[in-house]
Every structure is written in C-alpha cells, then in structure tokens.
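Right, one structure below, let's go through it.
The values are calculated or read from the model by the stated rules, or taken from the named source; none is laboratory data. Treat the numbers as computed from the prediction; the structure is a model and nothing was measured. Note: ideal-geometry Cβ built from the backbone for every residue, glycine included; neighbour counts use all protein chains shown.
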Amino acid sequence: MCLFSFLVLIIFNFAFGSSLNFDQGMIAGILWVAFVFSGLTGLGRSFSMERDRGTLQGLILCPVSPWTIFLAKLIGVFLFTTVMEIITIFIFSVLYNTTVFPFLVPLGLIVFLGTLGFTAIGTIFSAISATAKARDVLLSILFFPISVPVIISSVKATGIILNGKSLQMVFPWLKILVAFDLIFLLVSYLTFEYIMEE
Amino acid sequence: MNSEHHIEARGLNKKFGYKTALRNIDLFLKEGDSLALFGPNGAGKSTLIQVLCSLLQPTSGSVRIAGYEARHDREALHQIIGLIAHQTFLYPHLTAYENLKFYGSMYGVARLDVRITEVLNLVGLSDCRNDTVQNFSRGMQQRLSIGRAILHDPMILFLDEPFTGLDQQGREDFIKLILQFRDQGKTVIMASHDLQQGIELCDRAAILKAGKIVYLQDVAHISKNDFRRIYTQQIGVNVLPL
C-alpha cells in the first residue's frame, strides 16, 4: 500500500514539479488519489485472502454476529490505511516542499472521516467481490461510483484546509462526509449478514 | 429445549442457480443420536451439513437445532456445534497454539490455555504447539482441525469426510474421540464414503442420492454386508465387499 502511494506521489511530482499552486486544489487531489488507490489494494485483500485460505467459513461458524466480523475487518483495513496515509502525508510534505503541520488537526479530521467512509463501503464490496474470478476488477467497478461523494468531499475539504482557510469553511463538506459515513455504516450493518450467507 | 428432537430439518431444499443440491429433506435426530451420511460425489452430503450448520441458507424449509432456529439464532447455534469440513479453517501463518487461541477466544472458551494444552494432547500435536501450520502435513492439519472443532466442547459434532489425510494412528485416535463423544451423549453427524467406518461409528445411516434421502434406518443391527447390498441397490453402483 505504502509503495503504491509513494509511486503515485513520485509520478505526480515528476509530472507537475514540486511547487504547485495550492489554490488549484491539485495537491489535495494528488493526496487523495494516493490514499484511495493504495487503500483499494488493501481492501481487495481483506476478504479475498480469507476466501482463498478457506478461513472465512471458520469465521462465519464462530458464535459472533456477522456485524462483528464486518467491524473487525473494517477496523483492520482502517488502521492499515491510516498508517499508509500518515506515511504518505510525510512523504508528500517532503516531495512537494510543503508543511502540513499547521493544518494537522483539521487535516487529520478530514482524513479520518474520508478514510472511514471509503473503507466502510470498500469492506462491503470486498466481501461481495471476494468470490468472483475477476475480483479486483469487480471491486473497482462497484467501489468507485458509490464512493464518489466521499472522495469529492474529502478532496474539497482538504484543498480548503491546505489553502489555510479556517475549519468553519469546510463544515459543509464535513457534514457530507459524516452523513455518507453513517449511511455506509448503516448499509453495511443491514446487508452484511446477507452477503455472508452465500 | 422446546422439542423432543435435537435436530429437526423440515422440507429442506437447496438450489445453486439451476442445480438442485437438496430435495425436500426431512431429518429428525434425538440427543445422543449418531448419523452417518452416505452417497456418491455430488449427492448433497456436504451441502446438507452446511445447511444444518447454517453456513448455507436453504432455498426453502427450516432447520431447528437444540431449540434454536438456524436462520435466526445463528450465534447461539454456533456456540453448541463443531464442524470438521473439507477445509481446515486454519490460518497457515499462525502456529497451532495461535490458531486454537484465536478460535478459542472467538468461542469464549474458559481457561483457554489449559484447554488448548488438553486439546493438543488429544489430537497428538503437543510437540508441534509452536510450529506454524503452513509447515504441517495434510494429516497434521486435519488433526489440528479436529482440535479446533472440539475446542469449545460442542454438543453436536458435524463431520464432513473427517478421515481425510489422517494416517492410521490419526484415524484410530479420532475414532476413539468420536466414540468418547458418543458416550458423553453428544450428537454426531458424519458424511463419509467409507461405509464400514460409518456404520461402525454411527447408530443410524442415511443414503443420499441426487439431493434426496433415499434410505434412513437404524443400522445397529444391520450387518456390514447387508448394508453394502442396500447401498448398492439404492445408488445403483456396486461397491467392494466390506
């Protein structure tokens, strides 16, 4: 995951140079491209490895609710993705000659909400696509259209924060992020049992 | 428990797309019963076991085990059943101890470390406690899979081809374990191709053919050769004398 995000940052760095104009919001876009695409590689493996090893049935057989299995998977993917994002932000600040430390708290909040949103829906789609032969393709096809509101909100909010604007300016985007996080978690709660059944 | 039957399956049908795996299965077992399921490949033995364990939902029909509805009380049901399936459900990069520790924690097993030591002794893997499962032979993995299935001391044991990969010693140890299980009044359902082993270990036998139970009888008083003849008649394929 980290290697992939590093590669994305390097490619954009070579393409655009290291002194981008923050007003264009391009920096935020590059950052989230690295987050989402790298996160997707981790998401794809969360259920497919269980299926391949034949341990998923062992998990389902345990006396815990399917929601617990979902939450455990989500927390695992979320933590790995967050670690990747912290490393990516550090590399990003070096490569793009910028400091994120003044914006660390609001940026952290946006990254937390954005990551929660795309990992929640990604975990569900990872479970759905795990049995498919072309699981990686299927995961991408299912994941990207649905996660668009979360990604757009995250990019917009990150762009505003990196421009040095106040947290109040990003409240509308944060509200959208919180709303989609809740919707995705609720949908996961309601559907995961049925996804695990077959 | 609300019902006199420990396991009640009524009108079970299971379809995978256009393929019908189970056809109108009715099965009733009392506590302490042991049932051997026989049938050729594709007869529906594994599917029936998976439906009874609520790993698969039936297309129609219902399963009730120890008073729990398989569809609605899955967590409670899973607490009282153990399954040995084709797959071992083991994590290859974890050690034998870590695998049992993981599953034991999921089942909320009390005094887990003591129980793990007990189970590893039972399945003859105490010397390999700290070896990773990926270095185990198929037989050793099967032994550990047996340990995983009995770790939480289930009331009902489902066995799907449980002797796969076991060496002679492993088979004998496992047979002892099944008999011990039966002596404790626990229920055993075993799918097998081995007619002799099946009728020696179980007091009832069922023959499945194309998803239907075509024979279900008490076999305690049936000789092995008589049962072989019944099997041949039902399935239409000759089998070697027992």
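Annotations
- Any hit, the stretch B:64-83, residues being free of Cβ contacts under 8 Å to residues at least 60 places away in the same chain, away from every other protein chain (no Cβ under 14 Å), closer than 22 Å to B:R182 by Cα and in a loop (DSSP other than H, G, I, E, B): no
- Elements of type helices (runs of 4 or more DSSP H) in the stretch A:19-100, at least 3 residues being surrounded by fewer than 16 Cβ atoms within 10 Å (Cβ to Cβ): A:26-53, A:66-95
- Residue check: B:I189 meets all listed conditions (1) under 23 Å from B:D26 (Cβ atoms); (2) part of a loop (DSSP other than H, G, I, E, B) but one, namely (2).
- Among the candidates B:D131, B:D160, B:D127, residue that is at pLDDT below 95, within 13 Å of chain A (Cβ to nearest Cβ) and either surrounded by fewer than 20 Cβ atoms within 10 Å (Cβ to Cβ) or closer than 18 Å to B:F181 by Cβ (or both): B:D160
- Matching option when the condition is closer than 30 Å to B:I213 by Cα and surrounded by fewer than 22 Cβ atoms within 10 Å (Cβ to Cβ), among B:Q142, B:Q180: B:Q180
- Applying the condition of being among the hydrophobic types (A, V, I, L, M, F, W, C) and surrounded by fewer than 21 Cβ atoms within 10 Å (Cβ to Cβ) to the stretch B:163-177 and asking which residue is farthest from the other protein chains (Cβ to nearest Cβ) yields B:I175.
- A:S129 vs. criteria more than 14 Å from chain B (Cβ to nearest Cβ), among the hydroxyl-bearing types (S, T, Y) and closer than 24 Å to B:L55 by Cα: yes
- Complete set of residues in the stretch B:24-60 that are crowded, with 17+ Cβ neighbours inside 10 Å and assigned to a strand (DSSP E or B): B:I25, B:L27, B:L29, B:S34, B:L35, B:A36, B:L37, B:F38
- Tally of residues being more than 10 Å from chain A (Cβ to nearest Cβ) and buried (at least 24 other Cβ atoms within 10 Å of the Cβ) across the stretch B:100-114: 1
- Neighbours by Cβ (under 8 Å, 6+ apart or cross-chain): first from the stretch B:217-229, farther than 16 Å from B:A206 by Cβ; second outside any loop (DSSP other than H, G, I, E, B) and modelled with pLDDT of 80 or more: B:K224/B:L195; B:K224/B:Q196; B:K224/B:I199
- Tally of residues being aliphatic (A, V, I, L, M) and facing another protein chain (nearest Cβ under 9 Å) across the stretch A:37-61: 4
- Residue that is farthest from B:I156 (Cα to Cα), among those in the stretch B:42-55 that are of a type outside the set (S, T, Y) and at pLDDT below 90: B:G42
- Scanning the stretch B:90-99 for residues that are more than 10 Å from chain A (Cβ to nearest Cβ) and part of a helix (DSSP H, G or I) returns B:A96, B:Y97, B:E98.
- The C-beta contact set for the stretch A:62-74 (first residue facing chain B (nearest Cβ under 8 Å), second residue among the aliphatic types (A, V, I, L, M), distance under 9 angstrom, 6+ apart or interchain) comprises A:C62/A:I69; A:C62/B:M106; A:P63/B:A76; A:P63/B:L77; A:P63/B:I80; A:P63/B:M106; A:V64/A:A72; A:V64/B:M106.
- A:S18 falls short on exactly one of the conditions (1) at pLDDT 85 or above; (2) in contact with a helix residue (DSSP H, G or I) (Cβ under 8 Å, 6 or more places away or on another chain), and that condition is (1).
Yes/no per residue for (1) among the β-branched types (V, I, T); (2) assigned to a helix (DSSP H, G or I); (3) surrounded by fewer than 22 Cβ atoms within 10 Å (Cβ to Cβ):
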{"site": "A:F103", "(1), (2), (3)": "no, yes, yes"}
{"site": "A:G114", "(1), (2), (3)": "no, yes, no"}
{"site": "A:F125", "(1), (2), (3)": "no, yes, no"}
{"site": "A:I128", "(1), (2), (3)": "yes, yes, yes"}
{"site": "A:V137", "(1), (2), (3)": "yes, yes, yes"}
{"site": "A:S147", "(1), (2), (3)": "no, yes, no"}
{"site": "A:S153", "(1), (2), (3)": "no, yes, no"}
